[in-house]
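Bear in mind that the values in this text are calculations on the coordinates, not laboratory data. Quick caveat, the model's predicted, so the values are computed rather than measured. Cβ coordinates were reconstructed from backbone atoms using ideal geometry, including for glycine residues, and neighbour counts include every protein chain displayed.
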Amino acid sequence: MTDRSATALVAAAGAGDESAWAELVRRYAPLVAAVIRAHGMSRADAADVNQTVWLRLVERLDQIRDPEALAAWLATTTRRECYRLSRLDRRSRPVDPYDDTLDARHGLPAEAGAPDEALLRAERRQALREGFAQLPPRCQELLALLTADPPVSYREVGERLGMPLGSIGPTQARCLHRLRNCPALAPFLGARRGVETNGGERDGAVAAGR
Amino acid sequence: MALWPPADDDALTVELGAALWDAGPVPEEFLTAARAAFAWRTVDAELAVAELTFDSACDAEPAGLTRSGGPARTLSFRSGQVVLEIEVTEAGIVGQLSPPRGGRVTARTTAGPYDESPVDEVGFFSLGAPPAGPVRLSARADGYAVATDWVSLG
């Protein structure tokens with residue numbers, strides 16, 4: 001089963017083969033989960049997004065043409081549903097500017113008394129998740145696989161993505177380059193711990209120079 | 001005094017991995033829900049899927065309108081000439097189906113139907129407040145039958 005191409009799996013699942021669907025879930029659930037994580041959703045919203053994405057896919061099995069399209073479709077649909085639910089949360093909860101949870105919703109740790117070190121690490125991780133969410137789906141899929149735990153071998157990464165072994169490293173480097181240069185990380189660029197940097201605060205990303 | 005983000009690709013990959021996966025591997029409930037979705041492959045197979053084409057919660061309207069435009073959320077679904085529009089509040093769902101040809105609308109979660117309503121002569125129907133989680137409406141009228149995309153309404 002594991003050596004079947006995504007194209008073959010999609011076709012088999014569309015024809016009613018439940019084991020093919022289970023294999024698609026095994027391969028792509030980490031991608032969906034990684035995109036959801038990158039948006040910092042609540043547990044309930046995250047579960048709703050995950051379920052919605054797979055329900056939508058079931059009805060579109062006959063419209064997915066190739067593995068690359070499937071990964072892109074899953075990442076795009078997941079991002080869109082995360083955005084929908086995040087908007088609902090903001091609409092349904094009155095916003096109190098003095099409420100700590102406002103900071104939490106904007107991706108900053110709420111615990112004010114946390115040690116600087118922990119605070120900085122949390123801010124950086126959030127920035128990485130946001131940066132990851134802005135990457136092209138192909139990069140998200142590759143980086144999600146390369147950082148998976150337990151580790152996925154290069155050989156398996158190549159098989160899963162239909163990518164020659166020799167191009168995994170260079171593609172990873174290009175994706176990381178994009179990550180370093182994405183807007184979410186801009187406030188951190190060149191920042192040294194404990195040293196004030198130029199520019200100060202940008203768009204709520206109060207982060208860099210503390 | 002290390003620069004951040006790290007210039008070394010391996011170091012950045014490790015940090016990204018920690019950021020993405022620290023919450024653990026894919027939650028079991030995600031896998032269970034994803035596998036279970038397959039059961040819906042044939043449930044509404046005879047219905048055309050009405051795709052979600054507009055949701056006031058997240059689709060572009062003139063800036064600022066969505067947040068000050070009152071409590072109602074509006075969504076549109078379309079399948080060919082059939083359009084299903086709904087307005088969702090805490091009180092429930094009111095909607096209009098066009099073209100109006102009578103019939104019934106059923107609202108369901110993945111756990112099963114939670115409400116249904118006849119469609120009146122101008123296409124109006126009303127349903128109870130949606131539970132949390134993805135919901136789908138199916139409409140069967142004289143001459144057509146559609147089911148909407150799954151979407152969270154609660």
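Structure notes:
- Shape category assigned to the range B:46-152 from the gyration tensor of Cα positions, a/c cut at 1.5: prolate
- With θ taken as phi - 60° and the Karplus curve 6.51 cos²θ - 1.76 cosθ + 1.60 applied, the whole-hertz 3J(HN,Hα) list for the range A:40-47 is x, 7, 5, 4, 5, 5, 4, 5 Hz, x standing for glycine and proline.
- Take each residue in A:54-64, count the other chain C-beta atoms within 10 Å of its C-beta, and the mean is 6.
- Built amide H within the under 5 Å cut-off of B:ALA50, gap 5+: B:ALA147, B:THR148, B:ASP149
- Modelled FRET efficiency - R0 35 Å, B:ARG104 with A:THR76, Cβ distances, 0.05 increments: 0.55
- Computed magnitude of the charge dipole of chain B (debye, nearest 20; Cβ of K, R +1, Cβ of D, E -1): 640 debye
- Antiparallel content of DSSP bridges confined to chain B, in %, to 5: 95 percent
- Residue by residue, the range A:157-171 carries 3J(HN,Hα) couplings of 4, x, 5, 5, 9, x, 10, x, 3, x, 9, 5, x, x, 5 Hz when phi is fed to the Karplus relation 6.51 cos²θ - 1.76 cosθ + 1.60 (θ = phi - 60°); x denotes Gly or Pro.
- Phi-based couplings in Hz for the range B:133-149 (Karplus 6.51, -1.76, 1.60; Gly and Pro marked x): x, x, 10, 9, 9, 10, 10, 10, 10, 5, x, 7, 8, 10, 10, 6, 4
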